[in-house]
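*Asks:* Take this structure, written in structure tokens, and hold onto it; I'll ask about it next.
Quick note: the coordinates plus some simple rules give every number you see, no bench work behind them. From a predicted model like this one, the values you see are computed outputs, not experimental measurements. Methodologically, a virtual Cβ is constructed for each residue, glycine included, from the backbone with ideal geometry; neighbour enumeration extends over all protein chains shown.
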Amino acid sequence: MGIFFSKSTSGFYRDDLHGNAMPADVKPISEERYHELLAGMVANKPIVADADGFPMNLERTVDIGERIALQRHRIDAAYEQAMALIAGAYPRAEVNGWPEQVKAVELFEAAPDAPNPLLEALAQSSQCSLAEMAGRIRGKRESYLVAYGSLTARRHALLQQLREVDPAAADAEQQVAALDTAGLMALAKQLQQ
């Protein structure tokens, strides 16, 4: 597994997970460096790109407003990574075609004898009936919607907790730091099973 960092997205990528879907500006980093960067981030040293596009921890004092903004960015980035994990089992072209597959299933359910080139092609390549292929597509869609809904609800809960932080509170920094963005990836892995 190779780990990469993108300056344009300020995100990390894995070749075994993201494949050809990585941004063009990714830079390779070692797993050891990845963990060093994450440890720095936990110590309130944001990850930024240096002049060459490689990640580094920024050494600076951050006020609570900036910490809140940074935590929101972390929540959004963790959500994007979790959703990528869910969709990562499929090539991007197939994910982009899911709405068309669902339309083909809806057409089949409304008029089973009507021409349905997409569903027919998928069923033929999988050597199954149109009804069986429609069931597979419907099942895949339902599983995805459960994962999407669960992860989106978790993201919204984290953002609500972040909005509830009183910047003037003595423990505001601890409240912000306590928001568990890693839970999004753990949930995504659980939903994949």
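*Asks:* Give the lysines whose C-alpha is closer than 18 Å to that of Lys140, dropping any in the same chain fewer than 8 places away, or say none.
*Replies:* Partners within reach: Lys103, Lys189.
*Asks:* Within the range 1-105, which trypsin sites (Lys or Arg not before Pro) sit in a loop by DSSP and count at most 12 neighbouring Cβ atoms inside 10 Å? Don't skip to the end; give the middle numbers.
*Replies:* Working: sites: Lys7, Arg14, Arg33, Arg60, Arg67, Arg72, Arg74, Arg92, Lys103; in loops: Lys7, Arg60.
Of the trypsin sites (Lys or Arg not before Pro), the ones in loops of the range 1-105 whose Cβ has at most 12 other Cβ atoms within 10 Å are Arg60.
*Asks:* State the three equivalent ellipsoid semi-axes of the chain, derived from the C-alpha gyration tensor as the square roots of 5 times its eigenvalues, in descending order and whole Å. Numbers along the way, then the final one.
*Replies:* Details: eigenvalues 327, 88, 28 Å².
Over the Cα atoms of the chain, the ellipsoid semi-axes are 40, 21, 12 Å.
*Asks:* While we're looking at this one, here's another question. As an exercise, identify the GluC sites (Glu not before Pro) in the range 9-116 lying in DSSP coil whose Cβ has no more than 11 other Cβ atoms within 10 Å.
*Replies:* When the GluC sites (Glu not before Pro) of the range 9-116 are filtered for loop state and at most 11 Cβ neighbours within 10 Å, Glu59 remain.
*Asks:* Apply the Karplus curve 6.51 cos²θ - 1.76 cosθ + 1.60, θ = phi - 60°, to the phi angles in the range 122-137 and return the couplings in whole Hz, x for Gly and Pro.
*Replies:* 5, 5, 5, 5, 9, 6, 9, 6, 4, 5, 5, 5, 4, x, 4, 5
*Asks:* Once Lys and Arg get +1 and Asp and Glu get -1 on their Cβ, which of Ala177, Leu187, Pro99 lies farthest toward the positive end of the dipole of the chain?
*Replies:* Farthest towards the positive pole: Pro99.
*Asks:* Between the helical axis of 64-87 and the dominant principal axis of the chain, each derived from Cα atoms, what acute angle in degrees is found, rounded to the nearest 10?
*Replies:* Relative to the chain, helix 64-87 is tipped by roughly 30 degrees.
*Asks:* Related question: If you average the sequence gap of Cα pairs under 8 Å that are 6 or more apart and divide by the length of the chain, what percent do you get for the contact order?
*Replies:* Values: 189 pairs, mean separation 39.7, N = 193.
Normalised by residue count, the contact order of the chain is 21 percent.
*Asks:* HN-Hα J couplings of the range 26-32 from phi, Karplus 6.51/-1.76/1.60, θ = phi - 60°, integer Hz, Gly and Pro as x?
*Replies:* 5, 10, x, 9, 7, 5, 4
*Asks:* Assign unit charges at the C-beta atoms only (+1 for Lys and Arg, -1 for Asp and Glu), then state the dipole size of the chain relative to its Cα centre in Debye, rounded to the nearest 20. Don't skip to the answer; put the middle values down first.
*Replies:* Values: 19 positive and 26 negative charges, 26 e Å.
It comes to approximately 120 debye.
*Asks:* Here is a further query. What share of Cα pairs, in percent, lie more than 12 angstrom apart in the range 29-85? Write down the numbers at each step before the final one.
*Replies:* Details: 1138 of 1596 pairs.
The proportion of pairs with Cα distances above 12 Å equals 71 percent.
*Asks:* Read phi for every residue in the range 91-105 and hand back ³J(HN,Hα) as whole Hz from Karplus 6.51 cos²θ - 1.76 cosθ + 1.60, θ = phi - 60°, with x for Gly and Pro.
*Replies:* 3J(HN,Hα) across the range 91-105, in whole Hz: x, 4, 4, 5, 4, 5, x, 4, x, 5, 5, 5, 4, 5, 5.
*Asks:* Next question, about the same structure. Set Lys and Arg Cβ to +1 and Asp and Glu Cβ to -1, take the dipole of the range 100-157 about its Cα centre, and tell me which of Tyr148, Leu130, Phe108 lies farthest positive.
*Replies:* Tyr148
*Asks:* For the range 1-57 and the range 113-190, what is the separation of their C-alpha centers, rounded to whole Å?
*Replies:* Here the answer is 24 Å between Cα centres.
*Asks:* Please find, in a Gaussian network model of the chain (springs between Cα atoms separated by less than 10 Å), the residue of His35, His156, His73 whose mean-square fluctuation is greatest.
*Replies:* Checking each option, the largest mean-square fluctuation is seen for His35.
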